[in-house]
């Protein structure tokens, strides 16, 4: 009995002793916490799921059934609520038939960013373009390999929304004769691109690869972007002169709106003189200089490099030398810019392309030509070719 009493005493002693120790630890912890100077409150940042969507109503030559574009390195420029900013990679790449996206959207990727951030630009690379025209597959030269497109009203103010890229390119067909007098065609992709924030998304939009019909409201908003471009970015004047085989093109632009606009290039359409300078006489016979002229309707695409215009004409095996990673010009509100080209527009198609063009192209004096500006919308202007 005495032994049992001692055991109970030890248990009670251990119980109350442990309680005292725990109470002391709590008191010390509360005391330390109460004396912490100005402990900051870290709020929980709510995340928004952002889907990157692509739509595309291309303008193409008759007989085109596919326009396959391989894209890589999609990224978004994000301005965070604290004012910091960065390019955020979306890790999206793939190949899409742009014909399948007429009045449709395809989800390229999804990403999570903090609510109350702003997404103001989207960037993507074009790795490769191929067109199927009259059942033949052609390689297509892109006016630029990288595109940076402004996003209008890019405030992230809800937890599910998207960035809709409207990549509205024109596939330019260039007709020529090869060294055997056979008609050949070359193709250049001249883009018009814009992007908007869209809010009417469903869970289906979050699945990469999903193709869904574009809503009427978003169609209207994209049209408004084009209208703003056409209304506010104007071609003030232009001149086109010909001196022998040297062509000079000058185009003056003015931004009369209250936001900046980006242009990627322009096209010059009309009837051109072509003069063949070299022809191939066959293996063992070499090349022979022979003047031969013809008249063809052509569309000559020009890329923009700062304020210089650079014609893209023919087949370019050394693509990296002629197509820079990024080709565009941003015109700020109230700014006037003059674009210029002076030089020989020449077609290079063979292994001697570094030295001998197959033929040169010149506008015809007295003829009218249409300039079509390509960017976040369209703008057209008619000019007459004259002597200097």
Please verify whether the stretch 58-78 includes one or more residues that are in contact (Cβ under 8 Å) with a residue 12 or more places away in the chain, surrounded by fewer than 19 Cβ atoms within 10 Å (Cβ to Cβ) and within 24 Å of residue 160 (Cβ to Cβ). yes
Notebook entry, point to check: Could we say that residue 270 is touching a helix residue (DSSP H, G or I) at 6+ places or on another chain (Cβ under 9 Å), crowded, with 16+ Cβ neighbours inside 10 Å and not in a helix (DSSP H, G or I) here?
Noted result: no
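For residue 81, indicate whether it is in contact with a strand residue (DSSP E or B) (Cβ under 7 Å, 6 or more places away or on another chain) and free of Cβ contacts under 8 Å to residues at least 40 places away in the same chain.
yes
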Restricting the stretch 193-227 to residues that are surrounded by 16 or more Cβ atoms within 10 Å (Cβ to Cβ) and modelled with pLDDT under 80, the one farthest from residue 154 (Cα to Cα) turns out to be 226
Of the listed residues (88, 129, 52), the one being surrounded by fewer than 21 Cβ atoms within 10 Å (Cβ to Cβ) and modelled with pLDDT of 90 or more is 88
Apart from one, (1) outside any strand (DSSP E or B); (2) farther than 24 Å from residue 266 by Cα; (3) within 19 Å of the chain's Cα centre (by Cα) all hold for residue 144; the odd one out is (2)
Restricting attention to the stretch 349-369, the residues that are under 29 Å from the mean Cα position of the chain (by Cα) and at pLDDT 95 or above number exactly 1
Restricting the stretch 78-133 to residues that are more than 24 Å from residue 218 (Cβ to Cβ) and part of a loop (DSSP other than H, G, I, E, B), the one farthest from the chain's Cα centre (by Cα) turns out to be 82
Of the listed residues (184, 208, 188), the one being in contact (Cβ under 8 Å) with a residue 60 or more places away in the chain and over 21 Å from the mean Cα position of the chain (by Cα) is 184
Determine whether residue 265 is crowded, with 19+ Cβ neighbours inside 10 Å and within 29 Å of residue 125 (Cα to Cα).
yes
*Answer with yes or no whether residue 174 is assigned to a strand (DSSP E or B), more than 20 Å from the chain's Cα centre (by Cα), in contact (Cβ under 8 Å) with a residue 60 or more places away in the chain and surrounded by fewer than 21 Cβ atoms within 10 Å (Cβ to Cβ).*
no
The lone condition residue 172 fails out of (1) touching a strand residue (DSSP E or B) at 6+ places or on another chain (Cβ under 7 Å); (2) under 26 Å from residue 330 (Cα atoms); (3) at pLDDT below 85 is (3)
Q.
Regarding the stretch 229-246, can at least one residue be identified that is within 19 Å of residue 154 (Cα to Cα), within 21 Å of the chain's Cα centre (by Cα) and not in a loop (DSSP other than H, G, I, E, B)?
A. yes
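The values are calculated or read from the model by the stated rules, or taken from the named source; none is laboratory data. Treat the numbers as computed from the prediction; the structure is a model and nothing was measured. Reconstructed Cβ throughout: ideal geometry from the backbone, glycine too, with neighbour counts over all protein chains shown.
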